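Throughout, read-outs are computed from the coordinates displayed, never taken from laboratory work. The model shown is predicted, which means the values in this text are computed figures rather than measured ones. Here the Cβ positions follow ideal geometry from the backbone for every residue, glycine too, while neighbour counts run over all protein chains shown.
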Amino acid sequence: MIDPKASADGNLGNKRIDLELIANMVESGSRVLDIGCGTGELLDLLVEQRHADGRGLELSQSGVNACVARGLPVVQGNADTDLSYYPDDGFDTVILSQTLQATQRPREVLHEMSRIGPRLIVSIPNFGHWRVRAHLALNGRMPETNALASSWYETANIHLCTLLDFTDLCDALGLKVEQCITLTNGKAKQSATRPGAWQNLTAEQAVFVLRRGAF
Amino acid sequence: MGNTDQTKDSEKNLQGIASVDLKNVGLRLDNGEVLDDVTLSYRTFGQLNKDKSNVVLICHALTLDQHAAGDNPLTGKPGWWSSLVGPGLPIDTDKFFVICQNVIGGCAGSTGPTSMKPDGSGVYGIDFPVLTIADMVRAQNLLLDHLDIPDLFCVIGGSMGGMQTLQWAAAHGDRVFSAIPIATAARHSSQNIAFHEVGRQAVLADPDFHAGAYHQHDARPRKGLAVARMAAHITYLSETALQRKFGRNLQDREAVTYGFEADFQIESYLRHQGMSFVERFDANSYLYITRAMDYFDIAADHGGSLAEAFKGTSTRFCVVSFSSDWLFPTSESVSLVRALNAAGANVSFVEIESDKGHDAFLLNEPEMYTTLNGFLRAAARDRGLS
């Protein structure tokens, strides 16, 4: 789903620590769709460690080919246009890691995800992080940080938001925030229930577990 | 081509080149007719394991045959998929028991227009019943029954072989663990039917066709069939590949001759393709098999819904297309993949970057190699084969 540049945006050091976190949130043996699965790092964890019935959707052809070559069931497709072809409740958990901000229509993507499965795991970079705010406030330039490493003119991240912006959208879509784990300096921290002003200021990125409510 | 009798325990049936005459099998065809006796010519590679769980069925394309690997006994040339089928190759004959059967309607040994009629009144010719892809697959099911093989670890094929692969999954899914349709579609497009019609009309217009009874006149519609092949051959290549290979190069001459000789290399090449094809293929078979492809439309058999055809399938799929294939373009594979997703199927889909057109599936494409290798390795692991 994300181009190499964009996936680099989600890097903390060399390791996507959000992937380990997410893998541990998936129930063993469950049906999982990983949207924007890149070269299959997370999907491989899910299949090998969690024995999940994992499937992937990936925009870049090179990513897809790499996944299939390592034996992962992945198809080429676009989160913005191809989720509509998946059946209602085809999966137990639908994952979108570091990809929402790169989609054309994040709201529709989340809505489609919640149709495909009752449980969503979404990880996003936090545009409300103090360093981001300071960068813009003090330098008057678009922020470039660990979690957002590309220049404004070449980043694939076209729909950035803060953690609070994100939970607002979840509310609007009837998605219940069950869990929020914030990530800062490579360290994970469980937020009480959903992020507050403090987390919105201090977290570099966050992993959300969402559950579909009654529509 | 050694004929063996139909005793099931004959070791010979499971090895190498074989042909079996099945009597009174009552093969019911889509057109309503029944073929009681059918001959099925096939070839096997590797060894059947004890559980009979390692069988790979290779389905061949329009003008190919059962000689996917090894040497073709008629031409002496290596089999058409030698780069993929063999010890240590993606379709690993050290691991899998591979079967490739000449389709019915073909002309490489299986029952077809060149076969004798059951009443002994001569060859079928144009009296052979019109076939469908489903009929070909039914015949392959008969072969499996005869070989006492319960199910297939994998069905794989390109082009028309891909159609058979999809038909297997849609109609006999309980016998298919995994399916790899390559450079194919779930239906023959209008443009594809159009090209086939041009080819058939060329055959029909040849005075040597004799309404399909050319055998009785000691003749063959060579010119018509050659033209059909020339037209078809263009559809197998991409414009880029043609331009790269031939450009506007002249054939053994310094300047154009202001006549209708083969001035250009591409003309000479196509003429050669046409002329060599008629030596190895029967014109009636060409009519029948192209017709079977034209009639292919899986969705139509399921109320217009392709997803319905695969609903509840437990077969895992690996769909492969090639970027420069305009005969079976990637868009056809995308439609198929969307339908498979809607059906909740386990599906992988890879489009391979290649400028070689439809023919790419027969050529040495490293990325196809790694794709098949990865998919088959994972499938074999899940099937308990490795």
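Arrange the following residues from fewest to most other Cβ atoms within 10 Å of their Cβ: A:Met113, A:Met142.
Details: A:Met113 28, A:Met142 15.
By the 10 Å Cβ count, ascending, the order reads A:Met142, A:Met113.
Dividing the Cα convex hull volume of chain B by residue count, how many Å³ per residue is that?
Cα-based convex hull of chain B, divided per residue, equals 142 Å³.
Counting every Cα pair in the protein assembly as shown, what percent are over 36 Å apart?
Roughly 45 percent, rounded to a whole number.
Using a cut-off of under 18 Å, list every residue of region B:203-233 whose amide N is near the label point 7 Å from the Cα of B:His272 along the Cα-to-beta-carbon line.
B:226-227, B:229-233
If you wrap region A:4-212's Cα atoms in a convex hull and average its projection over all directions, what's the area in nm²? Before the final figure, lay out each step's value.
Working: hull surface 42.8 nm².
Value for region A:4-212: 10.7 nm².
Just to be sure I understand: if I project the alpha-carbon convex hull of region B:212-344 onto a plane and average over all orientations, what area do I get in nm²?
For region B:212-344, averaging the hull's shadow over all directions gives 12.1 nm².
Kirkwood hydrodynamic radius, region A:108-173, all distinct C-alpha pairs: what's the number in Å?
Numbers: mean 1/r = 0.0740 Å⁻¹.
Across region A:108-173, the inverse of the average 1/r is 13.5 Å.
Taking the number of other C-beta atoms within 10 Å as the exposure measure, put B:Glu332, B:Glu267 in order starting with the fewest.
Starting with the residue having the fewest Cβ neighbours, the order is B:Glu267, B:Glu332.
When the dipole is taken about the Cα centre of chain B, and only Lys, Arg (+1) and Asp, Glu (-1) are charged at their Cβ, what size is it in debye, to the nearest 20?
Charge dipole, chain B, about its Cα centre: 500 debye, nearest 20.
For the pairs B:Lys23/B:Lys50; B:Lys50/B:Lys95; B:Lys245/B:Lys356, note any where the Cα-Cα span goes beyond 22 Å.
Values: B:Lys23/B:Lys50 28 Å; B:Lys50/B:Lys95 12 Å; B:Lys245/B:Lys356 11 Å.
B:Lys23/B:Lys50, as the Cα separations exceed 22 Å there.
Multiply the residue separation of B:Ser386 and B:Gln201 by 0.36 nm, subtract the distance between their alpha-carbon atoms, and state the gained length in nm to one decimal.
61.6 nm
Answer rounded, prolate or oblate for region B:87-196, using the Cα gyration tensor with square roots of eigenvalues a ≥ b ≥ c: rounded when a/c is under 1.5, else prolate when a/b is larger than b/c, else oblate.
Verdict is oblate for region B:87-196.
Calculate how many DSSP beta bridges within chain B are antiparallel, expressed in % of all such bridges and rounded to the nearest 5.
Around 35 percent of the beta bridges assigned by DSSP in chain B are antiparallel ones.
When the dipole is taken about the Cα centre of region B:192-292, and only Lys, Arg (+1) and Asp, Glu (-1) are charged at their Cβ, what size is it in debye, to the nearest 20?
260
Take the alpha-carbon centre of region A:153-210, take the same for region B:23-40, and report the distance between them in whole Å.
Value for the Cα centre distance between the two parts: 65 Å.
By the scheme Lys and Arg +1, Asp and Glu -1, what is the net charge of all other residues having a beta-carbon under 13 Å from that of B:Gln243?
+2
For the residues A:Trp152, B:Trp80, B:Trp326, B:Trp168, what sequence is obtained by ranking on other C-beta atoms within 10 Å, fewest first?
Placing the least packed residue first, the sequence is A:Trp152, B:Trp326, B:Trp80, B:Trp168.
What is the antiparallel percent of DSSP beta bridges lying wholly in the protein assembly as shown, to the nearest 5?
45
Taking the Cα centre as origin and putting +1 on Lys and Arg beta-carbons and -1 on Asp and Glu beta-carbons, what dipole magnitude results for the protein assembly as shown, to the nearest 20 debye?
Dipole magnitude for the protein assembly as shown comes out near 1280 debye.
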